[in-house]
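For reference, the structure discussed in these notes is given below.
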Amino acid sequence: MRVAALDLGSNTFILLIAEVDKGQIKKVIVDETKLVRLGQNLFETGEFHPEALERVKECFSEFRKLIDKHQVEKIVAVATSASRDAKNKDEFFALGEKYRIPINVITGDLEAKLTYQGARENEGSFAVIDVGGGSTEVVGKNKDGVLLKHSFDLGCVRLNEKYIKRHPVMKPELKQLEQFIEDKLLEKKEFLSQLKGNELVAVAGTPTTVADMMLGGGFDREKIDNAFIPIEDWNILFQSLCGLSTKQRLKIPGMTKGREDVIISGMLILSLLAKNLGAKGFNVSTRGVRYGLAIEASINADL
């Protein structure tokens, strides 16, 4: 079955078109990412910004052309944090109808499950962290093999808008941001303690951008996928980026336009999670929700 799986997040929209058979992805045809920033000012105003909705329109138009070109048999699209929060979410869903993209709003727990399903092809003892624009999903198995998951209200766009007012980042702002994240993680100390000892797999734009920068840019998917980043190297790059303006960050090979501001909050979320989980670093995955969604769509007729 040829499936189009769309992950419509607060920061990025991703389209995966793949051949899927009995819960296995046999061939990836398209894997396209667009920085839409749907969550622009959403966490301050409670509404989607007109500019964000215009970017959604442009993105959906492009995705629809790709879906038609590759003669997709089934389309599944999920929206998460931003769409749950917006007062004017009907405008967003109207765009989905216009471009024949059926949007389903899913819970953070389901998002976590799909992330875990899609993060890796092989089994093993690992926990997955997915830093989105509005929330961060953490999912993994405890020592008894039980799958545990939690959605934290910690997103790179949400926290950037709330705490980071200028670049280079001022130390008091960074300290406030760090304390806020630590407090949120402390609330789920017992949950996180059950995932200690797992290998950490980091998905989504923050870790793939960091890996790309460390590899010199060019986004070589094969090199980025499964790349291991020691936490020491991660933190050194983080401190370096904090001392740069957004324009200076964009000059670094591998830095994606549209991520030069939110990279700070995204990296700090991941760094503090690694600290709380006792991890020595991250294995980066270019996969994620869309892969889990495509797999689920092939075996679940209700999707």
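The values are calculated or read from the model by the stated rules, or taken from the named source; none is laboratory data. Here the structure is a predicted model, which is why all the values come from computation and not from measurement. Note that each Cβ is placed from the backbone with ideal geometry, even for glycine, and that neighbours are counted across all protein chains shown.
Report yes if E62 is of a type outside the set (S, T, N, Q), part of a helix (DSSP H, G or I), free of Cβ contacts under 8 Å to residues at least 60 places away in the same chain and more than 22 Å from G292 (Cα to Cα), otherwise no. In short, yes.
Considering the conditions (1) within 21 Å of G205 (Cβ to Cβ); (2) touching a helix residue (DSSP H, G or I) at 6+ places or on another chain (Cβ under 6 Å), A112 is excluded by exactly one of them, (2). Every test in (1) within 18 Å of the chain's Cα centre (by Cα); (2) acidic (D, E); (3) farther than 24 Å from V284 by Cβ is passed by E137 save one, and that test is (3).
Would you pick out the residues in segment 209-258 that are surrounded by 17 or more Cβ atoms within 10 Å (Cβ to Cβ) and among the basic types (K, R)? R249, the sole residue that qualifies.
Answer with yes or no whether V131 is farther than 30 Å from M1 by Cβ, surrounded by 16 or more Cβ atoms within 10 Å (Cβ to Cβ), modelled with pLDDT under 95 and under 21 Å from the mean Cα position of the chain (by Cα). Judged against the criteria, V131 is a match. Residues in segment 229-271 that are polar (S, T, N, Q), at pLDDT 95 or above and part of a loop (DSSP other than H, G, I, E, B): 1 in all.
Here L186 clears all of (1) surrounded by 16 or more Cβ atoms within 10 Å (Cβ to Cβ); (2) modelled with pLDDT of 95 or more except the condition numbered (1).
In the condition set (1) farther than 21 Å from L177 by Cβ; (2) of a type outside the set (F, W, Y); (3) touching a strand residue (DSSP E or B) at 6+ places or on another chain (Cβ under 8 Å), L270 is compliant with all but (1). Evaluated against (1) on the phi > 0 side of the Ramachandran plot; (2) part of a strand (DSSP E or B), R37 falls short on exactly one condition, (2).
From the residues in segment 72-119 that are of a type in the set (A, V, I, L, M, F, W, C) and out of contact with any strand residue (DSSP E or B) (no Cβ under 7 Å at 6 or more places or on another chain), which one is surrounded by the most Cβ atoms within 10 Å (Cβ to Cβ)? Walk me through it before giving the result.
Filtering segment 72-119 down to residues of a type in the set (A, V, I, L, M, F, W, C) leaves 72, 75-79, 82, 86, 92-95, 101, 103, 105-106, 110, 112, 114, 119.
Still in the list and also out of contact with any strand residue (DSSP E or B) (no Cβ under 7 Å at 6 or more places or on another chain): 82, 86, 92, 94-95, 110, 114.
Working: A82: 30, A86: 22, F92: 21, A94: 10, L95: 18, L110: 20, L114: 27.
Among them, the one singled out is A82.
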